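Q: Let me begin by handing over the structure; questions about it come next.
Here, each number is a calculation from the coordinates, and none is a lab measurement. Keep in mind it's a predicted model, so treat the numbers as computed, not measured. Every residue, glycine as well, gets a Cβ built from its backbone with ideal geometry; the counts of neighbours run over all protein chains shown.
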Amino acid sequence: MNNLMNLSFEELENYFLSIGEKKFKASQVFEWLYIHKEYNIDNFSNLKKELRETLKKDFNTDFIKIKRREIGEGVRKYLFELSDSNYVEAVLMEHDYGLSVCVSSEVGCNMGCKFCESGRLKRVRELETYEMVEQIILIEEDIESKIQSVVVMGIGEPFDNYDNVIRFVKIINHAKGLGIGARHITISTCGIVPKIDEFSNLPLQVNLAVSLHAPNDEIRNQIMPINKVYNISKVINSLKNYIAKTNRRVTIEYVMLKGVNDSIDNAYELAGLLKGMNVYVNLIPYNETNNIEFKKSIRIKEFKDALIDKGINVTVRREFGSNISAACGQLRSKEV
């Protein structure tokens with residue numbers, strides 16, 4: 001049975017029209033689910049009983065479960081158990097601008113990035129829309145506070161689950177959904193070019209981040225298998241088209257790996273690649289794990305200074321959560 005929280009507002013309107021009801025019923029249902037936080041369809045009191053019965057035949061409002069939470073300084077990691085006994089993780093982060101949640105989009109990941117713990121488990125399945133929405137709902141309920149921003153950067157490649165992720169974004173952004181502003185939502189991809197191109201045609205003001213992590217194909221081929229399908233020139237050309245269409249700035253994510261991609265020559269090559277583009281580079285200090293041999297770079301400041309010297313906007317991602325394996329690249333899909 002389909003979960004009611006799998007449907008975007010427009011899809012719910014179309015559902016009501018298809019059963020001979022007025023489409024404004026979608027507004028009433030969204031208000032019950034996302035504003036009143038009422039999940040028992042029997043309690044949707046402004047819908048007639050016959051309609052409630054029809055809804056109950058066609059949909060459920062089942063929830064994923066918080067299996068475990070771990071708390072660190074400024075961060076909480078949640079392990080969620082899904083209805084099929086698979087697991088995903090999400091991370092709550094406290095910033096000076098508010099609370100942010102990093103959401104997972106798949107169980108496991110097929111991208112196989114060599115430095116990432118999440119990808120050690122191959123993709124089992126994509127998450128349904130409701131399983132992403134409920135990560136936020138359950139965290140808000142747990143902390144008794146509202147989430148201000150969302151990043152789809154947890155376990156999985158979001159553009160490998162494109163339709164469900166876009167539906168998720170529409171629900172959490174909708175004024176009668178979770179009401180999170182589009183410019184406070186970021187989707188991160190490792191560079192699936194056809195989906196970047198498709199994303200550029202959507203009328204959404206959502207942020208795009210691209211995991212580049214190397215200034216040339218030789219290095220990127222070694223650490224990111226996706227580069228053998230969509231190499232750097234294809235990714236950069238796609239981003240140039242995206243920027244031209246949307247007039248939106250793109251975040252270039254670059255994990256700093258000791259002795260792999262962190263030389264000053266690498267910085268200058270990256271700067272040449274991005275010259276003239278409306279982007280900024282987010283340097284990510286590598287979070288080491290017990291299962292992967294890569295080490296954290298000690299040249300982040302020099303790398304940053306070299307990019308600035310070449311006129312590239314650059315930030316360094318704040319480090320937190322590594323003590324509870326909640327940092328970038330450390331999330332897993334398994335219960336351990």
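Q: May I ask you to sort Glu218, Glu144, Glu13 by Cβ crowding, counting other Cβ atoms within 10 Å and putting the fewest first?
A: Exposure proxy ranking, most exposed first: Glu144, Glu218, Glu13.
Q: Can I ask one more? How many percent of all Cα-Cα pairs in segment 2-60 sit more than 16 Å apart?
A: Counting pairs separated by more than 16 Å, the tail of P(r) holds 34 percent.
Q: While we're here: Could you give the C-alpha radius of gyration of the chain expressed as a fraction of 2.2 N^0.38 Å, taking N as the number of residues it contains?
A: Normalised Cα radius of gyration, the chain: 1.03.
Q: Run the reach check for Lys176 against aspartates and glutamates, Cα to Cα strictly under 18 Å, same-chain hits fewer than 8 apart removed. What comes back?
A: Cα-Cα hits under 18 Å: Glu10, Glu11, Glu13, Glu31, Glu38, Glu134, Glu140, Glu141.
Q: Follow-up. Among Phe303, Phe30, Ile284, which residue has its Cα positioned farthest towards the positive end of the charge dipole of the chain, with +1 placed on the Cβ of Lys and Arg, -1 on the Cβ of Asp and Glu, and the dipole taken about the Cα centre?
A: Phe303
Q: Then there's this: What angle do you read, to the nearest 10 degrees and between 0 and 90, between the alpha-carbon axis of helix 232-246 and the longest principal axis of the chain?
A: 50 degrees
Q: Further question on the same structure: Going by C-beta contacts inside 10 Å, put Val88, Val193, Val107 in order with the fewest on the left.
A: Ordered from fewest to most neighbouring Cβ atoms within 10 Å, Val88, Val193, Val107 come out as Val193, Val107, Val88.
Q: If each residue's Cβ is checked for other Cβ atoms within 10 Å, how do Glu70, Glu198, Glu126 rank with the fewest at the top?
A: Glu198, Glu70, Glu126
Q: Excluding same-chain residues fewer than 8 positions from Lys170, which lysines have a Cα within less than 26 Å of its Cα?
A: Lys22, Lys23, Lys25, Lys37, Lys56, Lys57, Lys65, Lys77, Lys146, Lys195, Lys240, Lys245
Q: Averaged over all directions, how much area does the convex hull of the C-alpha atoms of segment 42-187 cover when projected, in nm²?
A: Mean orientational projected area (segment 42-187, Cα hull): 10.1 nm².
Q: OK, next. May I ask which residue of Ile64, His213, Val133 lies farthest towards the positive end of the charge dipole of the chain, with charges of +1 (Lys, Arg) and -1 (Asp, Glu) on Cβ and the Cα centre as origin?
A: His213
Q: Taking the Cα-to-Cβ direction at Lys22 and at Lys234 and moving 7 Å from each Cα, how far apart do the two end points lie in nm?
A: Here the modelled spin labels are 5.1 nm apart.
Q: Further question on the same structure: State to the nearest 20 debye the size of the charge dipole of segment 2-60 about its Cα centre, where the only charges are +1 on K and R beta carbons and -1 on D and E beta carbons.
A: My answer is approximately 160 debye.
Q: Same structure again: Give me the angle, in degrees from 0 to 90, between the Cα long axis of helix 9-18 and the longest principal axis of the Cα atoms of the chain, rounded to the nearest 10.
A: Taking the Cα atoms of the chain, the angle to 9-18 is about 30 degrees.
Q: Could you quote the convex hull projected area for segment 97-180, Cα atoms only and averaged over all directions, in nm²?
A: Projected area, direction-averaged: 5.9 nm².
Q: Between helix 300-309 and the chain, what is the angle of the helix's C-alpha long axis to the longest principal axis, kept within 0 to 90° and rounded to the nearest 10?
A: Between the helix axis and the principal axis of the chain, the angle is about 80 degrees.
Q: Glu94 label point, 7 Å along Cα→Cβ, cut-off 12 Å on backbone N: hits in segment 65-82?
A: Those under the cut-off are 71-76.
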